[in-house]
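Okay, so here's the structure we're looking at.
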Amino acid sequence: MTWLLRLYPRAWRRRYGDEGAGMLAGRGFSLVVPVDLVAGAIDAGLHPSATLAAARAAVHTEDRTMLE
């Protein structure tokens, strides 16, 4: 089912693609999983700034923690 990750925007896949594929590798098939992935891809496509802003905030928080 990792092919469903291709539905997500490129920036999302760069940031979360490996993690998402790893999570999917440990799951068996369930109808809920592909439905959730498609819904998540639609949400990420409609609100790309929310996903990327959260990723940037996490990186900046880690940077501050490392420097302090």
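The values are calculated or read from the model by the stated rules, or taken from the named source; none is laboratory data. All figures in this text were calculated on a predicted structure; none of them were measured in a lab. For neighbour counting, all protein chains shown are included, and Cβ atoms are generated from backbone atoms with ideal geometry for every residue, glycine included.
Note on region 26-40: among residues that are at pLDDT 90 or above and over 13 Å from residue 8 (Cα atoms), the one that is surrounded by the fewest Cβ atoms within 10 Å (Cβ to Cβ) is 31. The numbered conditions (1) modelled with pLDDT of 80 or more; (2) surrounded by 12 or more Cβ atoms within 10 Å (Cβ to Cβ); (3) more than 12 Å from residue 1 (Cβ to Cβ) are all true for residue 46 except (2).
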